[in-house]
1. As a check on your grasp of the helix formula, calculate [θ] at 222 nm for chain B: sum -39500 (n - 2.57) over DSSP H runs of n ≥ 4, divide by the residue count, round to the nearest 500.
2. Within the set of other residues whose C-beta is less than 14 Å from the C-beta of B:Thr169, count the net charge using Lys and Arg as +1 and Asp and Glu as -1.
3. Can you tell me which aspartates and glutamates have their Cα less than 17 Å from the Cα of A:Lys144? Leave out same-chain residues fewer than eight positions away.
4. Could you order peptides C:109-117, C:202-210 by the average number of other Cβ atoms within 10 Å of their residues, highest first?
5. What distance in nm lies between label points placed 7 Å from Cα along the C-beta direction at C:Leu199 and B:Ile211?
6. With a ≥ b ≥ c the root eigenvalues of the C-alpha gyration tensor of the stretch C:1-147, is it rounded (a/c under 1.5), prolate (a/b larger than b/c) or oblate?
7. Could you give me the percent of Cα pairs per 5 Å distance bin for the stretch A:89-236, shortest bin first, beginning at zero and ending with the bin that holds the maximum distance?
8. Taking the number of other C-beta atoms within 10 Å as the exposure measure, put A:Glu226, B:Glu56, B:Glu193 in order starting with the fewest.
Amino acid sequence: MIRIAEVYKYRGHECVINGVNLVIPQGTQVGLIGPGGAGKSLLMKICAGLVRPDSGSVLIDGTEVVGIGDVEMTSVRSKIGMLFQNYALFDFMTVEENIGFPLRQLGGRTEEEIRDEVNRLLLAVDLPNTQKLFPNELSGGMKKRVTFARAVIANPPILFYDDPTAGLDPVTSGKIFALLEERRARGGTTSIVVSHDILGMRDICDSFVLMDHGRIVFSGTREQIEASTRPFVGQFWRGEADD
Amino acid sequence: MTKHTQAYVAALSPTQRRIAQLGVVFVPIVTQITDILRVGSLAFYYAFKKPIRWREVLQQSFFIGNRSLAFVMIVLGFLGMILIFQSGFQAKRIVGDLQGMGALYLQLLFREFAPTVTALMLATRVGTGIAAEIGSMVVTEQVDALRMNNAEPIQYLVVPRLLASIVMTFVLSCVALCVAFGTGMFVANTVFEVNVATFYNTSLLEWGDLIIFSLKALAYGITIPIIASQAGLAAFGGSEGVGTATTMAVVNASLAVTILDFVLSGVGYIFFFS
Amino acid sequence: MQALSPSKLLSRFGAAFMAIALDVGGMAVLLYQILRCLVPPRLDGMETWRNLYKVGVKSAPIVVVTAMLTGAIMVIQSGALVAQFDAFGLLGWGAAFATLREVGPIMIGLMFSGRVGANNTAELGTMKVTDQIDALRALAIDPITYLLVPRFIAIVLMMFLLTIVGDLTALVGGAYTGQVLLGVSPSLFASSVIEYITLEDLFNGLFKAFTFGIAIAVVSSHYGMTTSGGAVGVGRSVNNSVVASAVLIFVLDYFITSILH
């Protein structure tokens, strides 16, 4: 379970996260949507402990992550898998080394076991025989699938997806969303998906949170959003230009 | 300045505004120095902590040494020729005797030119290299990915570069010394007809010269990678951020080398040579 | 590293040679294009003014600090020798001669290449990888007259002027250190400078500064304009630019020194 309470973050004198409160129950997948610059990715990075908020608290499975040291953070981070917007694949490692990196860092597994696990995952994301390639030899869609594999390899109970389909064509986006849906269907993972692709997100999230200018302006299930009478919510959901 | 800051500054009295303007100059400098010290102390903390990625240290040593060897040799080679050319003509005019030139030149190479000019060149070559490498890892979120997998970026990225740089700066300084002395000897021999055996004269060398040479090489070898790593880790934004980081690295590192040179030369003068 | 066969080694040499030839040729063409735009002057006035400010004023502090320290270091290094031969009257001459002819232009050139050259490459490189250069061309604006000529003028002019400022501060730093360290009074230092130093020494160094300025401007613009490959490419370009500038500074210095003697 993730509990975010009264989180504020300033950039200079500008408030980029403005008093966010949010509870994400165990085992649910939440879609974080909103216009560009609304603070979605930043909120996600605050949850992952990568960005320190100016005030507020973030509890991950009961552990406070705001203001704790790197040593305590270690145990929290090993519960989290993250898919980054800009792929964030290590360009000096092969695909195989990239995907196996989280397991190698956790320790306690032989190289043999890690290799088997990597090969199994590469088949699952439909990238056989790419083990020895480097990230710059892959297409955008392939890189996203490698990042996905790296995020999930350690079976973390919490998953953060930061814009998993940014810059991908509709067919490839569909494949990525299918992978996310498959993960969710297994049950047990709590996850946040940041995306602009509302069409693709509709069917794979249990509930949605709409952000604008650093605030949460709406949160609820798909039915509640569709029933909302607030113009901003309706416009954003249906992708209409505001007038 | 953001809109709010502008409004805030506009509301101040002229005297207050002048004081506030001092902050515009000094706050970024102080912030940067504290950040460099933070990266430096963390790097030292992790340098004495296991695990150290020795394979990576070797690889970085190869990169630093291999990528800069030709560069350092060319620059120091030309420097050696320039120095003997200039001082030769002056010495001929003022003293009229060129027999002692080699000994003095060798002493000066040890104390000043070999370690410092090598370090200035490494600040440009290695400094920009490290800042560009780490900077592009930051803007493509690779550093965040490291942190998410509990690999501390300073331990993972900075420590191998620091250890490699300490060793390679010393090695390259030695190479630089030989090259500069060799080309200087060549000019002395061809232009001023000083005998090679006369030019090669170690009578003025003292232990102090060797100590200062080593101290300078060590100090530069530590400072350059730390300053460059800090510039890289502080990068933000896209390709523009990487550009800013590399510029910052070369300026800060060259300035640091000059300041250290001043301090260590002063120390050397007071302890050994006065 | 795998073992290299002789043919592979040869092809590597060839590739490196071709790459260097391509860069040198590119810089020569760029210099020609920029000079052609200068007679008669075709350039963007506002952009030139903006660049003069950015290049000159922004790098003045670092030049002053470096020059001051350099002057001090020179006096420290010659201190033992001066004391040994009791040649206090020659300290000013030695410091000024070295500063004006060699150390001033070289140190300021290196600092300038780091501060301004690297910045120039980074800026142009970012514009290149984000397609801004192509956007200018699409608007029928010549990137040479609009971007490069103003930068060229700003860099060459400011390198020249800042060398004068730097020479002066280096002498002040040297004189002050001489007083603190060796007890040489500033008036003795100054009279030694005035007695032995000729205008030729000054002009010799300023001519060097002028050529270094041209080298830095052309090298940094060339590497900026040939950047490719996103953020990584910008970093690589800046690296190449500062390295090539540093090599050129020392090589040019050698040839100018040996020809003018």
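1. -26500 deg cm²/dmol
2. Around B:Thr169, the charge tally is +3.
3. Leaving aside aspartates and glutamates fewer than 8 places away in the same chain, those within reach of A:Lys144 are A:Asp91, A:Glu96, A:Glu97, A:Asp126, A:Asp162, A:Asp163, A:Asp169, A:Glu181, A:Glu182, A:Asp197, B:Glu141, B:Asp144.
4. Put in order of decreasing packing, that is C:109-117, C:202-210.
5. Distance between label points: 4.9 nm.
6. Since a/c reaches 1.5 but b/c is at least a/b, the shape of the stretch C:1-147 is classed as oblate.
7. 2, 8, 18, 18, 18, 14, 9, 6, 5, 2, 1, 0
8. So the ranking, lowest neighbour count to highest, is B:Glu193, A:Glu226, B:Glu56.
Since every read-out is calculated from the coordinates, none of them should be taken as a lab result. No experiment lies behind these values; they were computed from the predicted model shown. All Cβ positions, glycine included, derive from the backbone under ideal geometry; neighbour counts span all protein chains shown.
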